[in-house]
Structure formats: structure tokens, C-alpha cells
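Engineer: Mind having a look at this structure? Questions to follow.
The values are calculated or read from the model by the stated rules, or taken from the named source; none is laboratory data. Treat the numbers as computed from the prediction; the structure is a model and nothing was measured. Here the Cβ is made from the backbone with ideal geometry for all residues, glycine too, and neighbour counts use every protein chain on show.
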Amino acid sequence: MVPADEDSKTGSRATPWWSPARHADRRPALVLRGRIKSAVRAYFASDGFTEVEPGCLQISPGNEAHLHAFATEFRTDAGERTQLYLHTSPEFAMKKLLAAGETRIFAFAPVFRNREQGLRHAPEFTMLEWYRVAQPYERIMDDCLALVRLAAQLAGPAPWQHRGRTVAPLGMPQRITVAEAFRVHAGIDLTATLRAEDADRDSLARQVSAVGIRVADDDSWSDLFSRVLVERIEPALAAATVPVFLTKYPAHEAALARPTAGDARFAERFEMYVAGLELANCFGELTDADEQRRRFEAEMDEKSRVYGERYPIDTDFLAALAQMPPASGGAMGFDRLVMLASGAGDIRQVLWTPLDV
């Protein structure tokens, strides 16, 4: 178990990360981080992957309503100005590489998210992202499990401990659909609130209120979905003693994923949870550029409603998406993987140079 990210004598986080005592406490986890990164690289290389380096500066940082970006500005020698952003994910750039002809790629990408800081969140962190052309999204589940097991083998045979929870990373994972999780853990029939083109907000609100969860007049269907997920579903998943795959998200909560075969109300999206920690978010990738534009615009409308701002849509990405082959992809919080393997309770314990603000 890695000690808490505090000064060994005073218990204060006011001590800078570069102080010898604090660095000595963190160093075992940082060394393990490097060993895990080397093993991940070997895993992908053995399966014919190419490591790529997607650029951080982008026209659009991403178009998810509740993700917040860092903005900057590019100036030419003549003084002309262009608004740019640090990306919140390498997804747009990596999918352009798939359109260019790459078929198996991965990246350890530094990504940046504003308004995010805490024990599990940092404004700058490392996303492990990878894509497989012409393979089903279930294959990405296999990758996720293999990566967790690689980290576990390097950390030692003991069960992982994370913030009072114990999990066996080598155990057989559980799989549960989102609709099943809402029924079992919250007593809510989520499927009944979904329609082909939209969702029935009032129907979900009645069910959410009936099970004792707060409903506000201005809550959207997505607001209610997220509240149930946080208050009922994620705590139930945290009790699992093995990794859990939460599968088949509603299409309304999967803006970059393709619909499931036979039921467009759901999408090929899953998330992996380990010891209550959301570790990976993965898709069968949407390649319909017109539908993607519609979803992005809906997300930005919601962002404007809630936060009073919106981000530009990368039309170059939509053009590339139109010629991108069918693919599946995964995004794993690499720092969180190291947290689990090392027993760290604070993400700053596994970052070489954490931002102390």
C-alpha cells in the first residue's frame, strides 16, 4: 500500500511534490508506473499495433456537454489569431489516422480537462487509447481485461485495495447491461423511457422520484440518468470483488458509439469498473458523419443550456469520419490503472509532476 500523498511529518499537502520526503513516498508507485507502461507497450506491439503521438492542440477539444477544456490562442507572425484548445481526448486525431489507413494504433496521450481536480481527477492526466479496425467492440473488452491483469502481475499476487475496497483483478469479470443494472440496483425500468428518436424525460422522472432520488424541474433525461448512475449504480458496482463491465449504454449517453444491432435505442458502449473506480470507456465507433454532426450539435445545445458556452465542431473530423472504416476503440485512464495496482488513494501519488493548486 502506497502511503497517502502527504508530507511524512506534518501530514500537509502544502509540501511541494519535489520535496525529497514527499518524492520518496511516491517513488515506488512511479517506478511501478514505468514498468506497467513498458508492459502495455509490449502487449500492443505483440499484436501488430503502432504507437502514435496525437497532437494536443486542436480546433475542437471534444463535444461532450459536461467536459470542460483549456483554451489557448495561436498567433501567426502577422498577428492573425486562431482559437485553439488542448484536447480532452485524443479521439478525433486518432480516428483521422484510421481514415488515413492505420488499422491498429495506440497512444499514451496527455489530455487536459478543466474543472476536474480531486482524489481521482487531475487537470492533466494520461489517457491510454487504442483502436482496432474491423473488429467487434467485445474485442476491446478482452484488451481491457488483459491490461488489468498485466498490471496485477507486475504489482504482485495480492488482491488490490482501493479506498477500503478489495478486488481480485485476476478474477472472472462480471458483465451487466445498463438497463439490467437500473432494474436490479435502482428498481427503474430504463428501457420503458427510451424511444427510437428521443427519450421520455417525464417517465424517467416519475420512476426516479418514486425510488427516493431527487428530481428538479429543470432536470433533463440525461441529468436524471447520471444521478441514478452515481447514487445507485456505481455504489453497487463498487461492492463487486472482481472487475465489472457495464454494457449497452442508451444511445443518448453514447454520442460517439454506433447503435447496437437490432435496437437503435442502445449503443455499443461499455465502461469497466474496478473497485468502484471507472477505469475504461469503450465503443464500437460511429462512422455516420451526418449522425455524428447531429449528436455533436445536441451535445453543444445541452452545454449551452447548462453552462452558457459551446465548443466548435471539427468539420475536418467529420470529413475523415465519412471515410473511416468500421472500428472499435478503448480509452483507459492510465493513471487510474497505476493507482489500482499500487494501492494509491490519490491520483497525485502516481503522477511524476502533479499540479499542486
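Engineer: Only one of R201, R227, R195, R214 is within 26 Å of K303 (Cβ to Cβ), in contact with a Phe, Trp or Tyr (Cβ under 8 Å, 6 or more places away or on another chain) and either at pLDDT below 95 or not assigned by TED's automatic domain parsing to the domain that holds A255 (or both); which?
Structural biologist: Only one candidate qualifies: R201.
Engineer: If you take the residues of region 46-87 that are in a loop (DSSP other than H, G, I, E, B) and in contact with a His (Cβ under 6 Å, 6 or more places away or on another chain), which of them is surrounded by the most Cβ atoms within 10 Å (Cβ to Cβ)?
Structural biologist: Across region 46-87, the extreme among qualifying residues is P61.
Engineer: Can you name the residue in region 269-321 that is farther than 27 Å from L246 by Cα and basic (K, R) and, of all such residues, is farthest from the chain's Cα centre (by Cα)?
Structural biologist: Ranking the qualifying residues of region 269-321, first place goes to R305.
Let's see how each residue does on (1) closer than 21 Å to A107 by Cα; (2) surrounded by fewer than 17 Cβ atoms within 10 Å (Cβ to Cβ); (3) assigned by TED's automatic domain parsing to the domain that holds A181; (4) touching a strand residue (DSSP E or B) at 6+ places or on another chain (Cβ under 8 Å):
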| position | (1), (2), (3), (4) |
| --- | --- |
| H252 | no, no, no, yes |
| F266 | no, no, no, yes |
| G276 | no, no, no, yes |
| G284 | yes, no, no, yes |
| Y311 | no, no, no, yes |
| L321 | yes, no, no, no |
| A327 | yes, no, no, yes |
| G345 | no, no, no, yes |
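Engineer: Take the residues of region 235-250 that are touching a helix residue (DSSP H, G or I) at 6+ places or on another chain (Cβ under 9 Å) and either among the hydrophobic types (A, V, I, L, M, F, W, C) or in a loop (DSSP other than H, G, I, E, B) (or both): which is farthest from E271 (Cα to Cα)?
Structural biologist: It comes out as A236.
Engineer: For region 192-228, enumerate the residues that are within 19 Å of the chain's Cα centre (by Cα) and either hydroxyl-bearing (S, T, Y) or buried (at least 21 other Cβ atoms within 10 Å of the Cβ) (or both).
Structural biologist: S222, F225, S226, V228
Engineer: Also: Can you tell me how many residues within region 39-68 are among the hydrophobic types (A, V, I, L, M, F, W, C), in contact (Cβ under 8 Å) with a residue 60 or more places away in the chain and within 20 Å of L318 (Cα to Cα)?
Structural biologist: Total meeting the criteria: 2.
Engineer: Additional query: Does A158 satisfy being assigned to a loop (DSSP other than H, G, I, E, B), crowded, with 21+ Cβ neighbours inside 10 Å and in the same structural domain as F92 (by TED's automatic domain parsing)?
Structural biologist: No; evaluated as a whole, the condition is false for this residue.
Engineer: Just the residues that are touching a Leu at 6+ places or on another chain (Cβ under 9 Å) and of a type in the set (D, E, K, R), please, taken from region 92-114.
Structural biologist: K95, K96, R113
Engineer: Sticking with this one: Could you please find all residues in region 288-315 being in contact (Cβ under 8 Å) with a residue 40 or more places away in the chain and in contact with a helix residue (DSSP H, G or I) (Cβ under 6 Å, 6 or more places away or on another chain)?
Structural biologist: Answer for region 288-315, where residues must be in contact (Cβ under 8 Å) with a residue 40 or more places away in the chain and in contact with a helix residue (DSSP H, G or I) (Cβ under 6 Å, 6 or more places away or on another chain): I313, D314.
Engineer: For region 173-191, what are the residues that are of a type outside the set (G, A, S) and over 22 Å from the mean Cα position of the chain (by Cα)?
Structural biologist: Of everything in region 173-191, those that are of a type outside the set (G, A, S) and over 22 Å from the mean Cα position of the chain (by Cα) turn out to be R183, V184, H185, I188, D189, L190, T191.
Engineer: So which pairs qualify, if the first residue must be in region 151-170 and in contact (Cβ under 8 Å) with a residue 60 or more places away in the chain, the second must be among the aromatic types (F, W, Y), the Cβ gap must be under 6 Å, and the two must be at least 6 apart or on different chains?
Structural biologist: Taking only residues 6 or more apart or on different chains, the pairs are V167/W160; P169/W160.
Table: residues versus (1) closer than 30 Å to A155 by Cβ; (2) assigned to a helix (DSSP H, G or I); (3) not assigned by TED's automatic domain parsing to the domain that holds R41.
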position: A255; (1), (2), (3): no, no, no
position: F270; (1), (2), (3): yes, no, no
position: Y273; (1), (2), (3): yes, no, no
position: L279; (1), (2), (3): yes, no, no
position: E291; (1), (2), (3): no, yes, no
position: R294; (1), (2), (3): no, yes, no
position: E297; (1), (2), (3): no, yes, no
position: A331; (1), (2), (3): yes, no, no
position: D335; (1), (2), (3): yes, yes, no
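Engineer: Tell me, please, whether a residue that is without any contact (Cβ under 8 Å) to a residue 40 or more places away in the chain, within 15 Å of E64 (Cα to Cα) and more than 16 Å from the chain's Cα centre (by Cα) can be found in region 81-101.
Structural biologist: Yes, some residue in region 81-101 is without any contact (Cβ under 8 Å) to a residue 40 or more places away in the chain, within 15 Å of E64 (Cα to Cα) and more than 16 Å from the chain's Cα centre (by Cα).
Engineer: Further question: State the number of residues belonging to region 240-274 that are among the small types (G, A, S) and at positive phi.
Structural biologist: Number of matching residues: 1.
Engineer: Which residues, taken from region 227-260, are in contact (Cβ under 8 Å) with a residue 60 or more places away in the chain and of a type in the set (S, T, Y)?
Structural biologist: Scanning region 227-260 gives T241, T247, Y249.
Engineer: When residues of region 169-203 are filtered for being over 17 Å from F270 (Cα atoms), hydrophobic (A, V, I, L, M, F, W, C) and in a helix (DSSP H, G or I), how many remain?
Structural biologist: Residues in region 169-203 being over 17 Å from F270 (Cα atoms), hydrophobic (A, V, I, L, M, F, W, C) and in a helix (DSSP H, G or I): 3 in total.
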